[in-house]
Every structure is written in structure tokens, then in C-alpha cells.
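Remarks on the structure that follows.
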Amino acid sequence: MVDQAEMALAQEPSAPAPESAGDGKRTRFLSQEERKRATELLMAGHNVSSIAKVLDRSIPTVSRVKKEVLKGKSWNEKRTKKRKSKFDNPDTIARVTEAWNNADGELTYDKIAQILGCSTSTAWAFVKSQGWRRPNSKKAKKSQTVASTT
């Protein structure tokens with residue numbers, strides 16, 4: 001079966017040779033050309049393991065293409081969905097904004113993280129993306145005390 005897949009690949013004039021794994025230029029995702037070739041070989045009736053050997057890729061990588069083909073997706077379609085973010089939800093933004101305005105300078109990143117249900121680093125990124133500044137931040141207090149003592 002591997003020999004048949006290699007023969008089918010060799011008969012295709014525009015098919016470049018498989019890239020070596022050590023060149024450092026290859027990503028863990030198949031290139032568009034590799035996805036096309038894998039789809040063509042799947043349609044020709046070759047199995048996943050023989051295609052993986054021909055493309056010099058892992059079996060799970062080729063299996064992912066097979067799964068997409070069986071779902072009816074084209075090899076040319078985008079392979080990922082846009083990731084949903086809590087930052088895009090207007091209800092979440094309104095809830096944190098209300099807490100921000102009612103906190104009177106007592107809102108910490110830990111409390112924001114509890115409201116968002118996430119880590120403090122994600123809460124920090126959320127505040128930064130909103131462009132908010134804490135009115136009574138410790139940095140402001142330090143600079144004021146340093147300025148007043150000199």
C-alpha cells in the first residue's frame with residue numbers, strides 16, 4: 001500500500017519531495033500542499049499510515065485531515081476556528097466595569113479574576129485591553145511620597 005501511494009505521488013508532476021523533519025522550517029500543521037496531497041491520496045483509497053509515511057508526517061496529523069474530509073470539509077478551508085474570548089462579551093465587560101466603578105479603588109486583580117472566573121494574569125490582560133488605570137495605584141503613592149520627602 002505504501003508503494004502504491006508513493007507511485008501515485010511520483011506520477012504527480014507538481015508534487016515537491018517531502019520535507020525533512022530536521023530542516024526546522026516545517027510546522028506541526030500540514031501545509032496547504034500537503035493537505036491537498038493527503039486528501040487526493042485518501043480519495044484514491046490509500047490508508048492513513050501509508051499516506052503518513054509518504055508525506056513523512058505522523059499518523060495523527062494525517063488522521064486529522066481524514067476526519068475533516070469525512071465531515072465534508074475541503075482541504076482548502078481554514079483549519080481553525082476563531083477563539084472566543086471573555087473579553088468580547090459585553091455582559092462581562094459591563095459586570096467588571098460596574099465593579100470597577102463601585103470599588104472606590106479597592107478592586108484588585110484577584111477580585112477581577114474572581115468576577116471573570118479566570119487567572120490574575122488574564123484579569124490583568126483584560127484591564128490592560130480596556131485601557132483602564134487604577135486611580136489609587138501603589139506606584140502613584142510611592143512617587144508622591146518620594147516627591148514630597150525631597
* Structure fact -> A careful count of residues in the range 81-99 that are at pLDDT below 80 and part of a helix (DSSP H, G or I) gives 3
* Asked: Could you count how many residues in the range 46-59 are free of Cβ contacts under 8 Å to residues at least 24 places away in the same chain, over 21 Å from ASN76 (Cβ atoms) and of a type outside the set (S, T, N, Q)?
  -> 1
* Asked: Could you say whether any residue in the range 4-25 is modelled with pLDDT of 75 or more, outside any helix (DSSP H, G or I) and outside the structural domain of ALA125 (by TED's automatic domain parsing)?
  -> no
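The values are calculated or read from the model by the stated rules, or taken from the named source; none is laboratory data. Here the structure is a predicted model, which is why all the values come from computation and not from measurement. A quick note on method: Cβ atoms are made from the backbone with ideal geometry, for glycine too, and the neighbour counts reach across all protein chains shown.
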